[in-house]
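To keep things clear, I will list the structure first and then write my remarks on it.
The values are calculated or read from the model by the stated rules, or taken from the named source; none is laboratory data. None of the values given here were measured: they were computed from a predicted structure. We place every Cβ from the backbone using ideal geometry, glycine too, and count neighbours over all the protein chains shown. Heads up: the accessible areas ignore ligands, DNA and RNA and are worked out on the full protein's heavy atoms, side chains in. Shrake-Rupley method; radii C 1.70, N 1.55, O 1.52, S 1.80 Å.
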Amino acid sequence: MSYTIGLDYGTNSARAVVVDCRDGAEIGTCVVDYPSGHQGILLDPGDHHLARQNPADYVYALEQAVRGALAEAVAGRPEFRADAVLGIGVDGTGSTPIPVDAQNIPLAMAAGFAGSLAAQAWLWKDHTAVPEAAAITAMAAKMRPQYLAKIGGTYSSEWFWAKIWHCLKVAPDVFDAAYSWVELSDFIPAVLTGAKDPLAVVRGVCMAGHKAMYADDWGGLPDQEFLAALDPRLAALRDRLYTVAHDASATAGTLCAAWAARLGLPPGIPIAIGEMDVHYGAIGCGIT
């Protein structure tokens, strides 16, 4: 017998499922609502474009959802054993970047930034960065049209660089305090593997791609010259992000001892690369 666990991070809740590898049967599930804000979303009455989330909710939901799904599996299948779980997969919303410190801890989980909306996770549907997205599109059309060719011709306010640039403008204290930024779908695997350095987080190419304009064609992320044309501080951030992003054939690492104990699972099982919900959904539907 062998089993896998899937974690799906949505807009209002996170879900865990335990699957029997023999036939794909779902033998345990659990849904956990994010406890913060309005249906899990932090809002600003003065700006209807703003949508943030508390990263602490992601960690809370991780433990509660997995333990809940495992408990249901144990109750429904007497032969089920946690030590027969072979791996964990994670998907998340995107682009949902999180500002983190040099130890890969979200700024929002530090006392000094707990009340700052800018220090939270910038949920996919946050549209505060419309001017920045338009400026990125215009600059790319002028300097790097190949960037736009990969993303349908227009950069979005929902995506990585626009949100970070907007943070720099409206909350420079948060931008300055953030050592790096990590997408939600990369953050959860990093938590499970115990990554304590943002540069050690194994990033998925799914989020890095059109969200962060990453492509092997031009050596990864947008180059320093282009980012400096937007703002030199964005160019300085580039080296604190990542140099390589991986597809789903790679792993993000293995389950660390601390989280194995919290979840009741064996340490060392592989954690899949984090990707966007809809893209992993396509693979699950049979697209090869």
Give me the accessible area per residue for the chain, probe 1.4 Å, as a whole number in Å².
41
Fully extended, how many nm does the chain gain between D176 and H48 (0.36 nm per residue separation, minus their Cα-Cα distance)?
43.5 nm
The range 9-59: trypsin sites (Lys or Arg not before Pro) in DSSP loop, at most 14 other beta carbons within 10 Å:
R22
Of N12, N104, N54, the most mobile residue in a GNM of the chain (C-alpha springs, cutoff 10 Å) is N12
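Working out 0.36 nm times the residue gap between I283 and R233, then minus their Cα-Cα distance, what length gain in nm do you get to one decimal?
My answer for the length gained is 14.3 nm.
In whole percent, what relative contact order does the chain give with Cα contacts below 8 Å and a gap of six or more residues?
Once divided by the residue count of the chain, the mean separation gives 19 percent.
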Between the range 156-175 and the range 16-50, what is the separation of their alpha carbon centroids in Å?
25
Quick one: angle between helix 130-143 and the longest Cα principal axis of the chain, in degrees between 0 and 90, rounded to 10, please.
70
Rounded to the nearest 500, the 222 nm mean residue ellipticity computed for the chain from DSSP H runs (n ≥ 4, each -39500 (n - 2.57)) alone is -10500 deg cm²/dmol
Normalised contact order of the range 1-145, rounded percent, pairs of Cα under 8 Å and 6 or more residues apart
26
Which percent of Cα pairs goes in each bin when the distances of the chain are cut into 10 angstrom slices starting at zero?
7, 29, 35, 20, 8, 1, 0
Gain in span if fully extended, E79 to S249, counting 0.36 nm per residue against the direct Cα distance
58.2 nm
Using a Gaussian network model of the chain whose springs link C-alpha atoms within less than 10 Å, name the residue from G89, G153, G253 with the highest mean-square fluctuation.
G153
Which loop GluC sites (Glu not before Pro) in the range 1-105, with loop taken from DSSP, have no more than 13 other Cβ atoms within 10 angstrom of their Cβ?
E79
Give me the angle, in degrees from 0 to 90, between the Cα long axis of helix 160-170 and the longest principal axis of the Cα atoms of the chain, rounded to the nearest 10.
60
On the accessible surface of the chain, probed at 1.4 Å with all protein chains in place, carbon and sulfur together account for a percent value of 56
Looking only at the chain, where both bridge partners belong to it, what percent of the DSSP beta bridges are antiparallel (to the nearest 5)?
70
Just how large is the dipole of the chain about the Cα centre, in debye to the nearest 20, putting +1 at every Lys and Arg Cβ and -1 at every Asp and Glu Cβ?
180
List the aspartates and glutamates whose alpha-carbon lies under 19 Å from that of K142, not counting same-chain residues fewer than 8 positions away?
E132, D217, D223, E225, D231
Return the single residue from Q120, Q224, Q53 with maximal mean-square fluctuation; model: Gaussian network over the chain, springs between Cα atoms under 10 Å.
Q224
Those lysines that a straight Cα-Cα span of less than 22 Å connects to K125, excepting residues fewer than 8 apart in one chain
K150, K163, K169, K211
